[in-house]
1. Would you list, by chain and number, the lysines whose Cα falls below 25 Å from the Cα of Lys311, excluding same-chain residues fewer than 8 positions away?
2. Would you mind telling me the antiparallel percentage of the DSSP bridges in region 220-369, rounded to 5?
3. Relative to the present Cα-Cα distance, how much length would full extension add between Val86 and Thr13 at 0.36 nm per residue of separation?
4. Taking only protein heavy atoms and a 1.4 Å probe, what accessible area per residue, in Å², does the chain have with all protein chains in place?
5. Assign one of three labels to region 172-286, namely rounded, prolate or oblate, based on the Cα gyration tensor with a ≥ b ≥ c the square roots of its eigenvalues; rounded applies when a/c is under 1.5, prolate when it is not and a/b is larger than b/c, and oblate otherwise.
6. Past the 30 angstrom mark, what percentage of all C-alpha to C-alpha distances in the chain do you count?
7. Of Ala366, Gly291, Ala280, which is farthest along the charge dipole of region 262-369 in the positive direction, counting Lys and Arg as +1 and Asp and Glu as -1 at C-beta?
8. In nm², what is the average projected area of the convex hull enclosing the Cα atoms of region 287-331?
Amino acid sequence: GAWYQFEVWRRFTDVQLPRRSVVARVLWRDAAGKPVLWDTQAPAGYARGQMPRAEPEYPVDDGSPAGQWGKVAMRLQAPPQARMAVVELYLQWAAGGQVAWSGVKLEPMAAPGPRRVRLATVHFRPKEGKEAAEKVALFEPLVAQAAQQRADLVVLPESLTYYGTGRTYAECAEPVPGPSTKALGEMAKRHHCYLVAGLLEREGEVCYNTAALIAPDGSLAGKYRKVCLPRSEIEGGLTPGSEYPVFDTPWGRVGMMICYDGFFPEVARQLKNAGAEVIAWPVWGCNPLLGRARACENQVYLVSSTYTDAKDDWMVSAVFDPWGQILGQCQDWGTVSVTEVDLNARPRWASLGNFGDQLPAHRPPAVGE
């Protein structure tokens, strides 16, 4: 039941795909060296249904390149029945490769406290107004509602300064940072929360479908340009983005994707690969099963904000957990839903254990990787 800090250093050469070939594992065993179960008193969130066996742990590699010493480390909680740990250090699937390991440690540490964050989604169609400033102002009462419930992150819908204007994408596009991010920054500062808002961005003659992350101090913390564009946006003159940035906050790492991105597993996976723990998803409309899948397959929390009516049995404004389940959902227009989650709680799967920790070592090679 105690907590430990695991670390080991490694240096490899001539290994084509080190994330799959240079791997450390920690196995929990009882006094006789046999596998153990997580008992029925395991903390909330550590198991669902039948208690799983304590599966191997996969500490995370820091990604240092070939020929350099890199650290593989993770905080681990021993199962209550565990009395020993077996450390396994691998070089696999790398003919002609070499790896040196050094400095294996498994040291007691204080139990980490929870890392709670309150995630909020807004369910609203900004029908009134034509100008960007008018559209942004319509969300003020909803952000205030979320702030009254102590929301840390509030997700607004896609291209909100374009919705219902009857204008073209180019006519609604503006610089980011620009007037709308300034107004959103003032809103975030008033309500002491992070905001994610879908906007149309102009950079010179080029226009993007963009999600902006606004910090509680009013600054632009970052932006993401939609990578996967549907036919209508291509015909409307938008240009796809090409990067998958992830941003640090005091409570965790945030990535963003937009609407049609959800149809393609690569987008959320790239954000996960970059360290995202929460993905904000402004989305005009989509199949909610894809929201469940993106959250589950990447072991992240996903927050969607949609223009789809909740009665339509289609996309929802909701918070999805790493099991793909909906924790909180808006039902009516002009409402918010706020859900508190603990980013330090690691879901445990029967036969897989901490599935999210295994993604680097077990996911398939990308083409050309």
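1. Output for Lys311: Lys127, Lys135.
2. 50 percent
3. 23.7 nm
4. For the chain, the per-residue accessible area is 44 Å².
5. Judged from the Cα gyration tensor, region 172-286 comes out oblate (a/c at least 1.5, b/c at or above a/b).
6. Considering the chain, 43 percent of its Cα-Cα pairs are separated by more than 30 Å.
7. Ala366
8. Convex hull of Cα atoms, orientation-averaged projection: 2.6 nm².
The values are calculated or read from the model by the stated rules, or taken from the named source; none is laboratory data. Model, not experiment: these values are computed from the prediction. Because the Cβ atoms are built from the backbone with ideal geometry, glycine has one as well, and the counts that use them run over all protein chains shown. For the accessible areas, the whole protein counts, side chains as well, though only heavy atoms, and no ligand, DNA or RNA atoms are used. Shrake-Rupley method; radii C 1.70, N 1.55, O 1.52, S 1.80 Å.
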